[in-house]
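Let me begin by presenting the structure, written as structure tokens, before commenting on it.
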Amino acid sequence: MNILVLGVGNVLYRDEAIGVKTVLKMQEEYLFPENVRLLDGGTLGMGLMDSLISSDLTIIVDAVKGGHEPGTLYRLVGNDLRKSVSFSDSLHQTDLVDTLIYCDLIGHRPDCVVIGVEPEDFTSLDLELSPKIQEAMPRLIQEVLKELTKHGVQYTKK
């Protein structure tokens, strides 16, 4: 099984960058088998099509607007994916949705899971995460690792 861990978000908008920054931190701290690929997807949208088509499972790491306290963690599948900022209300909103629709049309849409965190501020132009979201990042990483473990992935800490 080919697994893609895809960090998405716009790094210019404070907490919207959580997906990208989490995946980059995971790349620094862990080693994964060859069938697991970690990717900074930024706001690429359709540019992610090849990566999505070549995966059987995509774990999307993103900010999630679920209406709870900032720092709350989420695991979303199915229709709940739309709570993910990348699917509902950001600069890359239609691109990721459209990209998955095109994957469907081509005949290979990966199973998708969003592991995310409720943002505190995703509208201010700022390159730093808010303190609450920075504090939540280790827990977010643990949730992504737990999702990988569910699918038989063995990883090591560097």
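By DSSP, the beta bridges lying fully in the chain are antiparallel in about 25 percent of cases.
With all protein chains kept in place, the per residue accessible area of the chain amounts to 49 square angstrom at a probe of 1.4 angstrom.
For the chain, what is the charge dipole size about the Cα centre, in debye to the nearest 20, if Lys and Arg each add +1 at the Cβ and Asp and Glu each add -1 at the Cβ?
420 debye
Put a dot 7 Å past the Cα of Asp40, heading toward its Cβ, do the same for His151, and the two dots end up 2.2 nm apart. When the solvent-accessible area of the chain is split by element, carbon and sulfur atoms take up 50 percent of it, the probe being 1.4 Å. Mean sequence separation of contacting Cα pairs (under 8 Å, at least six apart), scaled by the length of the chain, corresponds to a relative contact order of 33 percent. Estimated from helical segments only, the mean residue ellipticity of the chain at 222 nm is -10500 deg cm²/dmol, where each DSSP H run of four or more residues counts as -39500 (n - 2.57). If the chain linking Gln134 and Leu105 were pulled fully straight, counting 0.36 nm for each residue of separation and taking away their Cα-Cα distance, it would gain 6.7 nm.
The values are calculated or read from the model by the stated rules, or taken from the named source; none is laboratory data. Fair warning: this is a prediction, and the values are worked out from it, not measured in the lab. Note: ideal-geometry Cβ built from the backbone for every residue, glycine included; neighbour counts use all protein chains shown. Just the protein is used for accessible areas: all its heavy atoms, side chains included, with ligands, DNA and RNA removed. Shrake-Rupley method; radii C 1.70, N 1.55, O 1.52, S 1.80 Å.
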